[in-house]
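Accompanying notes for the structure given below.
The values are calculated or read from the model by the stated rules, or taken from the named source; none is laboratory data. Owing to the predicted nature of the structure, the values given are computational and were not obtained by experimental measurement. Here the Cβ is made from the backbone with ideal geometry for all residues, glycine too, and neighbour counts use every protein chain on show. Quick note on the areas: whole protein, heavy atoms, side chains included, nothing else; ligands and nucleic acids left out. Shrake-Rupley method; radii C 1.70, N 1.55, O 1.52, S 1.80 Å.
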Protein chains: 4
Amino acid sequence: MAGYRGTKDEYARRLRRIEGQVRGIARMVDEDTYCIDVLTQISAVTKALQAVGIGLVEDHLGHCVVEAARSSTEEGQEKVAEASAAIARLVKS
Amino acid sequence: MAGYRGTKDEYARRLRRIEGQVRGIARMVDEDTYCIDVLTQISAVTKALQAVGIGLVEDHLGHCVVEAARSSTEEGQEKVAEASAAIARLVKS
Amino acid sequence: MAGYRGTKDEYARRLRRIEGQVRGIARMVDEDTYCIDVLTQISAVTKALQAVGIGLVEDHLGHCVVEAARSSTEEGQEKVAEASAAIARLVKS
Amino acid sequence: MAGYRGTKDEYARRLRRIEGQVRGIARMVDEDTYCIDVLTQISAVTKALQAVGIGLVEDHLGHCVVEAARSSTEEGQEKVAEASAAIARLVKS
């Protein structure tokens, strides 16, 4: 079971919205919209995506990592290493 | 005319791909895919979006800002201030 | 005890280096160094700082959060919420 | 002459402050300060550094790039390419 099982619908709603925003950016480009306005939308969508990522990190830590830590030290450390690598990718993106 | 007029098709192609990737993330969530794999995709899409933003900044500087600078100092400075604010939003997203 | 107790010296060494790099940037500005060269150094120092932050997140998760999770569900969730807020600040910086 | 010649003192002041903040982080680590408090400081310093970078970009665009654009199309495009690469590094850091 995914760590985000309790918030699936919320993520689905937010991702549908982001998908629509990306489609909107494509339409802006197609209609030769002024560069700055397109850039403003790209920053907004990037932030929305990061917010989904941050939420997923919290869900993952709160379920998968905590559950692994309670079952064994070794499993806990494995999950921590894996989560830290994913957090690093998010920070660097 | 938009600063990116010469690369419109390329941006359209990349944005369609990003739109598909966001749809793919939604499907992963719907299918209870492991959090880490969803996070990996979110970082990849965030980077792809940023790359489009960076490309648009270069196009905008190379056309709109340069053209304004050549027409008058005042117009040039106005465009620089506007572009710098957009760059700041991109850096902070 | 801090989660990073095992890697304190390494962080101390990296932070001293970063401090020296910031001093170096100030010297570049004082000597009217070309903007682009100063910007290159700022990006390098920002990445070095982020890397220290990512390391501290892993140490914190691997010690403080895991230990809390093993002692009680409630403590574990508290630490997860706190760590997630710190990770969000790192992602947004 | 550097594009930031008009704001040199202000950058010097801000960089000295950032240098002190990095020294402060090293002291926090030396004193086994709680990881989350160290992370909060790292995010603050990262943002301060980025703000200096964003300021330098605006100064560079407003002086070096605009001056090059007004002297010749070729010089203008060269400066735009160079500035865009520096902006990309800042966005990705």
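Couple of notes before you dig in:
- Measuring between their Cα centroids, region B:41-87 and region C:58-85 lie 42 Å from each other.
- Heavy-atom accessible area per residue - region A:1-73, 1.4 Å, Å²: 42 Å²
- Estimated 222 nm signal from helices in chain B, with DSSP H stretches of n ≥ 4 weighted -39500 (n - 2.57), rounded to 500: -27500 deg cm²/dmol
- At q = 0.15, 0.16, 0.23 Å⁻¹ the log10 of I(q)/I(0) for chain A amounts to -0.69, -0.75, -1.11, computed by Debye summation with a single uniform scatterer per C-alpha, solvent ignored.
- Scaled radius of gyration (Cα, divided by 2.2 N^0.38 Å) that the protein assembly as shown gives: 1.06
- At 7 Å out from Cα toward Cβ: residue D:51 inter-copy label distances (nm, ascending): 2.3, 2.6, 3.3
- Where C meets D: accessible area buried, both sides, 1.4 Å probe, Å²: 4000 Å²
- Links that overshoot a 22 Å alpha carbon limit, given the list D:8/D:47; A:92/B:92; A:92/B:8; A:92/C:92; A:47/D:47: A:92/B:8
- Residue-averaged beta-carbon neighbours from other chains (10 angstrom radius) around B:78-87: 6
- In the assembly of identical copies, residue B:67 has its label point, taken 7 Å from Cα in the direction of the beta carbon, separated from the corresponding points by 2.6, 5.7, 6.2 nm (ascending, one decimal).
- Label-point spacing for residue B:32 across the identical copies (point 7 Å from Cα in the Cβ direction), in nm and ascending order: 4.3, 5.2, 6.8.
- With every protein chain in place, the protein assembly as shown: carbon and sulfur % of accessible area (1.4 Å): 48 percent
- Structural descriptor for region A:21-92: relative contact order 23 percent, calculated from alpha carbon pairs under 8 angstrom and at least 6 residues apart.
- Nearest-to-axis residue in chain C, judged by Cβ distance to the rotation axis that brings C onto A and given in whole Å, is C:69, 2.
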